[in-house]
Amino acid sequence: MELYNTLTRKKEALKPVKKGVVGFYSCGPTVYNYAHIGNLRTYVFADTLQRALEYEGYKVKRVMNITDVGHLTSDADSGEDKFEKAAALSQKSPQEIAKFYTQAFLRDIKELNIKKPKIIVPATKTIKEQIAIIKKLVAKGYAYQTSLAVYFEVAKFKNYGQLSGQSLSEKLTAARDDVVEDEEKKNVADFALWFKLAGRHQKHIMHWSSPWGEGFPGWHIECSAISSKYLGQPFDIHTGGVDHIGTHHTNEIAQSEAATGKPLARVWMHGEFLLIDSNKMAKSEGNFITLQTLKDKGFSPLDYRYLCLTAHYRSRLNFFWESLAAARNAYENLARLIVESQAEKRVSKKTAFKSLTNKFQASVIDDLDLPGALAVLWEAVKSQNLSGKDKIKLVKDFDKILGLELLKAVQAKAAIPSAVLSIAKKRQVLREQKKFAEADKLRLELAKKGYEVKDSSGGGFSLLRIK
């Protein structure tokens, strides 16, 4: 299996530390608000990677953090703690906020058919481990104290910036324009490992005892502590969004490798942005769309998963409601073709089944080329060289990676008689032609047959059995 490694900027054959086992760390959510669909695209990517590794016969040990402290409103060290800010606005405790949005996130990934990582660890559960790493960094001379915080001195780590391709001098030059809230820092690019209860954080609600006084950890240190605790160091694969490359993951590498003298992860993989109106979707920009928004407009979470699979994880995906509608139509048409193929009695050509399996696998092992894999699925379903039985076998096999729950979709579609679907589609056409009186007659006809039709704002419809 060849995967693109951000660290080396090339595809590399996967060579796990332990034969047959892949240690896999995913950067998890900061749970002060709902995840938006741009965030969720990154978790669809991580999920398909896990599925692909398992498909190839690897045992996968996947770990994910939950950030519930220390992530400031800047990805660097300026601004308020996101949980403190959310707590002040909602008049709830940071712990209540974290619990609520963690549960919301877990519901979202379940609806998207994303496998829940077996090990999920909130940052606040590993404070002891985080402090232990910081103590090592202080002892080795990589970290220093000010009256406000403990900082990692980036100038002392010679490979700082290797992941982003930005040299230390370029990083320091770029950081000169940043807001400096601690005048005692040696370099503006030095990042916080531990914030003291001082300055703007003197009344921080969440705090713990440490060798440097009461305080709380910076954002980056949690991932180093959690990944090394559960996966060891080095481990095989570290994933996240491309927005993590320049700061969060660069800092993770620096602190972990400085503390241990070992690489953190062998392969670094990053999912590209989901764009809306050609701009990055972000909570800070106020342009984010949640999974619930999609559902309110009549779309299924799996319609969105299908849309994610149409673009390579390293390619930007521009979100339009029209493209989501097209993905829904494609998903429904795929299910319809599978339903129809079940009745096909032709005999498969001997080479057809194996050929399609090989093509699918070739796409998967080529840096997770899921658009290519999806194209092979369509080729299989439309094939004139396969029996219906073999088509179903391939659908079941391919869906182990795609995760579209196609056989469940087929069962749901097959349960609605074709005559009923035909009436519903005719009614939809009449509505589009603004022939509402005629459309209402077909609604009544559907009701007599035991089905209620519900229209969505996205231009589609759903059928609900009422008797």
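Scan LEU430, LEU404, LEU386 and give me the residue that is in contact (Cβ under 8 Å) with a residue 60 or more places away in the chain, out of contact with any Cys (no Cβ under 6 Å at 6 or more places or on another chain) and aliphatic (A, V, I, L, M). Let's see the steps before the verdict.
Numbers: LEU430 fails: in contact (Cβ under 8 Å) with a residue 60 or more places away in the chain; LEU386 fails: in contact (Cβ under 8 Å) with a residue 60 or more places away in the chain.
It is LEU404.
If a residue must be assigned to a loop (DSSP other than H, G, I, E, B) and surrounded by 24 or more Cβ atoms within 10 Å (Cβ to Cβ), how many such residues does the range 191-218 contain? I'd like the intermediate steps shown before the answer.
So in the range 191-218, the residues assigned to a loop (DSSP other than H, G, I, E, B) come out as 197-198, 202-207, 209-214, 218.
Of the ones still in play, those that are also surrounded by 24 or more Cβ atoms within 10 Å (Cβ to Cβ) are 218.
Selection size over the range 191-218: 1.
Which helices (runs of 4 or more DSSP H) sit wholly inside the range 284-360 and have at least 3 residues that are at pLDDT below 95 and not basic (Lys, Arg)?
Values: elements: 291-296, 301-309, 321-341.
Output list reads 321-341.
Looking only at the range 232-280, how many residues end up being hydrophobic (A, V, I, L, M, F, W, C), surrounded by fewer than 23 Cβ atoms within 10 Å (Cβ to Cβ) and assigned to a strand (DSSP E or B)?
Final tally of qualifying residues: 4.
Filter the range 41-72 down to residues that are assigned to a helix (DSSP H, G or I) and closer than 19 Å to ASP397 by Cβ, then give me how many there are. Before the answer, list the steps.
Residues of the range 41-72 assigned to a helix (DSSP H, G or I): 41-55.
Retained after the next criterion (residues that are closer than 19 Å to ASP397 by Cβ): 47-55.
Total satisfying the criteria: 9.
Answer yes or no: is there a residue in the range 55-76 that is at pLDDT below 95 and of a type in the set (D, E, K, R).
Scanning the range 55-76, I find at least one residue that is at pLDDT below 95 and of a type in the set (D, E, K, R), so the answer is yes.
Here are ALA86, ALA52, ALA104: which of them is over 21 Å from ILE221 (Cα atoms), modelled with pLDDT under 95 and in the same structural domain as SER209 (by TED's automatic domain parsing)?
Values: ALA52 fails: modelled with pLDDT under 95; ALA104 fails: modelled with pLDDT under 95.
Of ALA86, ALA52, ALA104, the one residue that is over 21 Å from ILE221 (Cα atoms), modelled with pLDDT under 95 and in the same structural domain as SER209 (by TED's automatic domain parsing) is ALA86.
Out of the helices (runs of 4 or more DSSP H) lying entirely within the range 381-467, which hold 3 or more residues that are modelled with pLDDT of 90 or more and farther than 30 Å from SER348 by Cα? Give the derivation first.
On the way: elements: 388-402, 406-414, 418-432, 436-448.
Result: 418-432, 436-448.
Do we have any residue at all in the range 103-117 that's under 25 Å from the mean Cα position of the chain (by Cα), among the β-branched types (Val, Ile, Thr) and closer than 29 Å to SER209 by Cβ?
For the range 103-117, residues under 25 Å from the mean Cα position of the chain (by Cα), among the β-branched types (Val, Ile, Thr) and closer than 29 Å to SER209 by Cβ: absent.
Determine if the range 162-172 includes at least one residue that is without any contact (Cβ under 8 Å) to a residue 24 or more places away in the chain and of a type in the set (Gly, Ala, Ser). Give the steps one after another, and end with the answer.
As a first pass, look at the range 162-172 and keep what is without any contact (Cβ under 8 Å) to a residue 24 or more places away in the chain: 167-172.
Still in the list and also of a type in the set (Gly, Ala, Ser): 167, 169.
For the range 162-172, residues without any contact (Cβ under 8 Å) to a residue 24 or more places away in the chain and of a type in the set (Gly, Ala, Ser): present.
I'd like the full set of residues that are under 13 Å from the mean Cα position of the chain (by Cα) and either surrounded by fewer than 19 Cβ atoms within 10 Å (Cβ to Cβ) or acidic (Asp, Glu) (or both), limited to the range 39-92.
Residue satisfying the conditions is ASP47 alone.
Yes or no: SER323 under 20 Å from the mean Cα position of the chain (by Cα), free of Cβ contacts under 8 Å to residues at least 40 places away in the same chain and either outside the structural domain of ILE133 (by TED's automatic domain parsing) or closer than 30 Å to ALA412 by Cβ (or both)? Break it down stepwise before answering.
On the way: under 20 Å from the mean Cα position of the chain (by Cα): yes; free of Cβ contacts under 8 Å to residues at least 40 places away in the same chain: yes; either outside the structural domain of ILE133 (by TED's automatic domain parsing) or closer than 30 Å to ALA412 by Cβ (or both): yes.
Taking the combined requirement at face value, the residue satisfies it.
Going by the structure shown, is GLN103 of a type outside the set (Asp, Glu), out of contact with any Asp or Glu (no Cβ under 8 Å at 6 or more places or on another chain) and surrounded by fewer than 18 Cβ atoms within 10 Å (Cβ to Cβ)?
yes
Against the definition (assigned to a loop (DSSP other than H, G, I, E, B), assigned by TED's automatic domain parsing to the domain that holds ASN39 and either within 24 Å of GLN162 (Cα to Cα) or polar (S, T, N, Q) (or both)), how does LYS186 come out, yes or no?
Details: assigned to a loop (DSSP other than H, G, I, E, B): yes; assigned by TED's automatic domain parsing to the domain that holds ASN39: yes; either within 24 Å of GLN162 (Cα to Cα) or polar (S, T, N, Q) (or both): yes.
Against the criterion (assigned to a loop (DSSP other than H, G, I, E, B), assigned by TED's automatic domain parsing to the domain that holds ASN39 and either within 24 Å of GLN162 (Cα to Cα) or polar (S, T, N, Q) (or both)), LYS186 qualifies.
The values are calculated or read from the model by the stated rules, or taken from the named source; none is laboratory data. The structure displayed is predicted, hence computed values, not measured ones. So basically every Cβ, Gly included, is an ideal-geometry build from the backbone, and we count neighbours across all protein chains shown.
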